[in-house]
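Student: Have a look at this one.
Just so it is clear, none of the values below were taken in a lab; they were calculated from the coordinates. Remember, predicted model here, so these are calculated numbers, not experimental data.
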Amino acid sequence: MNRIGLYILCMCFLFGCEKPVTPSDNCACSFNPTDGPLEKARLSGEWYEIKQSKKGDTYVFSANDTMYLKPRNKNDIHVMTYRITGDHAMEVKKLWPDASGTSTQHTVFFLSDDTLCFSGIQLVRNHAEALEKRLIGKWQLVGEGYYDYDGTPVINPSEHTWCYVEFREDLQMVHSSLNLISPYRIEGNILYENYVDEENTFVYRWGVIDDILILHCIQGNIPDVPQAKVVFKYKNVQNTK
């Protein structure tokens, strides 16, 4: 074989190995192969699945590497961590409610600023209202939990369902069971309760999907006992928007 023929054969082999990345066949939408890299800031926010022209499961990607998934017509929220591993690649680790800790790989493509393809599922960004506004209203405590030794949250139904918390538009947070009112402020997915008193400030990671609120207490007067209750699940019972 002459040099020219060998060169052509090598080039064909090299280019033949580079297959373009394309979305799953299940994602019935167009894809521009020049789409940019997967960015956390672009991904953050609430998305909902389009299934047969109807709203399906709800996804929330928080800036602190946490993903919340709420199945349609169910009150359960699946809490996961996510990690961007490539231009269109993401690793997701499930934490709760079954605490399996199983990691799965997902392919993510932005089809537009408001639409993405998540391993073959088409998700549309929810622009209905800012996430912070979803917090305003009255919430009933329905679950309490703690972090296991490996850092996995374990949550159980609450025995204190008479406890309520209310977030007001004047940025006052009311604990009805304690007759306690304190100011709060929000920075992204971090909520500061009673921030004017440094010694008695509580700091939470928070996420809300439909009518379910999850608060993870990460700083405050937490009891120094094993399995201290620091994870709280609330159900919306009155929305004042």
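Student: Where the convex hull is taken over the Cα atoms of region 147-218, what is its projected area averaged over directions, in nm²?
Tutor: With the hull built on Cα positions only, its mean projection is 6.2 nm².
Student: While we're on this one: Taking a 24 Å limit on the Cα-Cα distance, which of the listed pairs Lys55/Lys229; Lys70/Lys233; Lys51/Lys133 fall beyond it?
Tutor: Violating the 24 Å Cα-Cα cut-off are Lys55/Lys229; Lys51/Lys133.
Student: Below 8 Å between Cα atoms, with a sequence gap of 6+, how large is the relative contact order for region 83-241 in percent?
Tutor: Computed value for region 83-241: 19 percent relative contact order.
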